[in-house]
Amino acid sequence: MKLFSKAAYHPVNLGFIRASLAVLIVATAAGVALPQQTSADARGPAATISASTMPEAQIDEIVRAFTAKETRFRQALNSYAFKRDALVQTIGMGGQVTGEYHRVSYFTFDDQGNRFEKINFFPMPTLTEINITAQDLEDLGGVNPFALEASKLNAYTFKYVGKEKIDELDLYVFDVGPRVAPDPKKIKDRYFQGRIWVDTQDLQIVKARGKGVPEDKNNKYPTFETYREQIDGKYWFPTYSYADDELTFGNGNVVRMRLLVKYTDFVVGHGKVTITEIGDAPPGSEKPQPPKLESKPNSQPQAQRQQPEASVQSETEAPREGGILNGKAIELPAPKYPAEAKKIHAFGQVQIQIVVDETGKVISAEALFGPESLRQAAVDAARLARFKPSIVNGVAVKVSGILTYEFTAQ
């Protein structure tokens, strides 16, 4: 994302942390403000953590158990399709929403863990203080928790705090942080620093609160709170994440942002879902609430999930996010139906992620979703599209967005 000042233009990139995220279904129509209370406020007073002692050997055993299950959870997620609804808002001094980014997508994975996104709802962003980039979208792309798994065990320290009961669950509480303080000038990876809650029976993480590190004067991360729910009676998948924080940068600029992300409709494989047309607001307008933490032996996919967490990083050349760009093209050649596709009568929608340079020329095009046999034809057509230059504060800028192509069987 890029941060703007009235006096000067200060670029900063807002990236969505690969956190123990859960991302939102903002069950609000575009333009409706996120609830101002935090998820903790919505749940009422927090339970009291009861201090307790535990032998080091037992603590190590618990940590090894839940990090091993984190590894299996990450692997199992590649078998699930899901819906993601993500909303980012900037908030003015009076509490009013000054800008918004809303994107609803459906994700599937192949056997190798490659992710595919079909965008169902993506109105033009109205953010003016920050600009979401292609890198931000990649971070936001899937349920990608902080790497508290077995392979990363030696990178973290785990301090046992005690026990807490939340809703129906008895939980171990651990404070977590990197074993060695990371240097932002030398380390590109991000680490989780905060607190996690682990179910005493399943030995899986069910809640996390914290932020990403390292930080510097131009790279800041909001504190997020993430809840997980048990899916199919096996895995505690992140389903809800919320952040409401002020990020203060070295140049003195302060941006208050809210982030609410939710994942819903977890189904094994490529399960069918009902999707809205691009440009139509998703149904529902009730205020989202954190899921109740309870074990559900035969739980079904639920309407919830990242939330993620967000970061702000310097990137002067990052393109502005433009949403669906079909209607903004001054030249949009139709793709040629491939001969190979005729053999199998392929049809459907193909979505292409493009970057348009300052002159309106497409400088990169990549297929995000659609039948494999039709993708290259759509990419070739997208590269020939032309746009009017996008002007921000009197300066032409790059724009990233989506072109959609509909193919009929031949």
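The values are calculated or read from the model by the stated rules, or taken from the named source; none is laboratory data. Given the structure is predicted, the values throughout are model-derived calculations rather than measurements. Positions of Cβ are generated from backbone atoms using ideal geometry, with glycine treated the same way; all protein chains shown enter the neighbour counts. Ligands, DNA and RNA are stripped out before the accessible areas are found, and what is left, the full protein with its side chains, is counted by its heavy atoms. Shrake-Rupley method; radii C 1.70, N 1.55, O 1.52, S 1.80 Å.
So here's what we get for this one:
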quantity: Number of positions in the range 343-388 that are closer than 21 Å to residue 399 by Cα and over 28 Å from the mean Cα position of the chain (by Cα); calculated: 10
quantity: Checklist (1) of a type in the set (D, E, K, R); (2) exposed (fewer than 14 other Cβ atoms within 10 Å of the Cβ); (3) modelled with pLDDT of 90 or more applied to residue 361, failing item; calculated: (2)
quantity: Unmet criterion (only one of (1) open to solvent by less than 60 Å² (accessible area, probe 1.4 Å); (2) within 21 Å of residue 67 (Cβ to Cβ); (3) of a type in the set (S, T, N, Q)) for residue 201; calculated: (1)
quantity: Strands (runs of 3 or more DSSP E) wholly inside the range 192-254 that include at least 2 residues being of a type in the set (Lys, Arg), touching a Lys or Arg at 6+ places or on another chain (Cβ under 8 Å) and under 17 Å from residue 163 (Cα atoms); calculated: 205-213
quantity: Extreme residue, least open to solvent (accessible area, probe 1.4 Å), among residues of the range 372-410 that are part of a loop (DSSP other than H, G, I, E, B) and of a type in the set (D, E, K, R); calculated: 398
quantity: Odd one out for residue 81 among (1) at pLDDT 50 or above; (2) open to solvent by 10 Å² or more (accessible area, probe 1.4 Å); calculated: (2)
quantity: Hits in the range 94-126 - residues which are among the hydrophobic types (A, V, I, L, M, F, W, C), open to solvent by 10 Å² or more (accessible area, probe 1.4 Å) and at pLDDT below 90; calculated: 109, 116, 124
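Per-residue answers, yes or no, for (1) aromatic (Phe, Trp, Tyr); (2) within 27 Å of residue 237 (Cβ to Cβ); (3) touching a strand residue (DSSP E or B) at 6+ places or on another chain (Cβ under 7 Å):
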residue: 173; (1), (2), (3): no, yes, yes
residue: 177; (1), (2), (3): no, yes, yes
residue: 180; (1), (2), (3): no, no, no
residue: 192; (1), (2), (3): yes, yes, yes
residue: 196; (1), (2), (3): no, yes, yes
residue: 199; (1), (2), (3): no, yes, yes
residue: 206; (1), (2), (3): no, yes, yes
residue: 210; (1), (2), (3): no, yes, yes
residue: 214; (1), (2), (3): no, no, no
